[in-house]
Amino acid sequence: MPRLMQCCISFSILKDFPRIFLGKELTPFMVKRGATIRNITLPDIPRLMPIKNQAGWNQIPGDWARLIRLNPGGCFCIQVDGEIIGTVTTTPVSSKMAWVGMLVVREDERGRGFGRMLLNQAIHYLESRGFTTIFLDATPVGKPLYLSAGFKTRGVLKRHVINTLNIASLEMEGVKGRLREFSSEFMDSVCNLDKKMTGYDRRDVIKSLVSPETSKVHLKPDGTVDGYIIWREGQNFTQVGPLVAREAEIARVLVICAMSSMNLDVGCIDVPSERQHFEIFLKGIGAVPAREFTRMYKGKHPSFTSDGEFATSGPEKG
Ligand SMILES: CC(C)(COP(=O)(O)OP(=O)(O)OC[C@H]1O[C@@H](n2cnc3c(N)ncnc32)[C@H](O)[C@@H]1OP(=O)(O)O)[C@@H](O)C(=O)NCCC(=O)NCCS
C-alpha cells in the first residue's frame, strides 16, 4: 500500500480513538492496541468468508471479488494482531452517489468500536472523493449505528425466499417470444432503462453482474428493452435481482423466467416495500418473507424515485 494511504488510514483511526475512549458504553481497555485499517485485496477473500458467514449472509467469494474489482481503493478491513476482524466496502453507483456494504465485525470483537471505525472510514473515503449521497441497506443490528452516524431512512426492503420447484411448471410459452438473453448488444438500452426507472447510474455494477446464462431482458413489440433481470449464485440462496421493469406485469414475467431457469434451486429476492402488488404476486407463487432491510442514506437527499426497481441487486450494493 502506498505510504501516503497508510498515513491517511492511520490518521483516521487515531481521529476515532478519543471519541471511542470517551464513549458512554465503551471503556479504554476494550479497544485493542495496534488496530490498522487497510484495503482488502483478492487474496484476503478466504479470510473474509468466515467473518461474513458468522452473520449468516448470502455472499460468496465471487461477490467479494466483484466489490473489490469495482472499487479496489474503497474496500477496507480492520486488522488486529495480524488478523482481519472486520470489513466494509464502498461501491460508486454514479459520480455523486455510492453504496456502503459488507460492514461486519467478527463476533468476538463486536462492541469495541471497530464497527464504527470501519463505517467512519467508508464515509470519510467517499466524502473526500466528492460523493454527496451515500446509500446502504441496513440490517436491524446495523441500523442504530447508521442512525447515530447521520443516516436517514429512505425505505424498507423485504427479502422473500422462494422454492423454485413451485415455479418450474408455470406456463412460459406465451412470453418466451419477448424474452432474450442479456447479451452485450442490450447493455446500453438496459443501462438507460435502469437509470430512468431507478435513478441510479450503475453501468459498472450491471456490467459486473451480467452473464448470459443468468440474466434476461424483456422487449417491447418494437424491440426496445422494457425490463431486465439478473440472478446469481449465493451461499444460502440464489440471489434474484436486480429486477427493473417499466410495469409490474413485465417484472412478473421476468421473475418467473429467472426462477424457472434456476434448476429447482431456492431463491431469495429483496423487494422494496412500495411494490406491494408484486409482493402479493410473489406470495401467490409460494414466496415466504424472510427478513427486512432498511434502505438508508446520508448526505444530499436523493430527489429521484425508484418506481421501476422491483428487486435490488443485493444489500451490499443496492
Ligand atoms: C453492526 C456491527 C458491524 C457493529 O460492529 P461493532 O464493532 O460491534 O460496533 P461498535 O462497537 O463500533 O459499536 C457501534 C455502536 O453500536 C452500539 N452497539 C454495538 N453492539 C450493540 C448491540 N449488540 N446492541 C446495541 N447497540 C450496540 C454501540 O454501543 C456503539 O454505539 P456508540 O458508539 O454510540 O457507543 C456488528 O454488530 C456486526 O458485525 N453485526 C453483524 C453484521 C451486520 O448486521 N452488519 C450491519 C450490516 S448493515
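Tabulated data
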| quantity | calculated |
| --- | --- |
| Members of region 78-112 that are crowded, with 24+ Cβ neighbours inside 10 Å and either more than 15 Å from the chain's Cα centre (by Cα) or assigned to a helix (DSSP H, G or I) (or both) | I78, G86 |
| When residues of region 23-46 are limited to those that are within 15 Å of the ligand (Cβ to nearest atom) and of a type outside the set (A, V, I, L, M), the one modelled with the highest pLDDT | K32 |
| Cβ-Cβ under 9 Å pairs, at least 6 apart or on other chains, region 110-128 side within 11 Å of the ligand (Cβ to nearest atom), far side of a type in the set (S, T, N, Q) | R116/S148; M117/S12; L118/T87; N120/S12 |
| Test: residue in region 83-90 that is more than 8 Å from the ligand (Cβ to nearest atom), more than 16 Å from A55 (Cα to Cα) and touching a strand residue (DSSP E or B) at 6+ places or on another chain (Cβ under 8 Å) | yes |
| Any helices (runs of 4 or more DSSP H) falling wholly within region 202-305 and containing at least 3 residues that are over 18 Å from the mean Cα position of the chain (by Cα) and over 20 Å from R180 (Cβ atoms) | 276-284 |
| Test: M117 is open to solvent by 10 Å² or more (accessible area, probe 1.4 Å) and either within 17 Å of the chain's Cα centre (by Cα) or not assigned by TED's automatic domain parsing to the domain that holds N192 (or both) | no |
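The values are calculated or read from the model by the stated rules, or taken from the named source; none is laboratory data. Keep in mind that this is a model prediction, so the values were computed, not measured. Every residue, glycine among them, receives a Cβ derived from its backbone with ideal geometry; neighbour counts consider all protein chains shown. Surface areas here come from the heavy atoms of the whole protein model, side chains and all, with no ligands, DNA or RNA. Shrake-Rupley method; radii C 1.70, N 1.55, O 1.52, S 1.80 Å.
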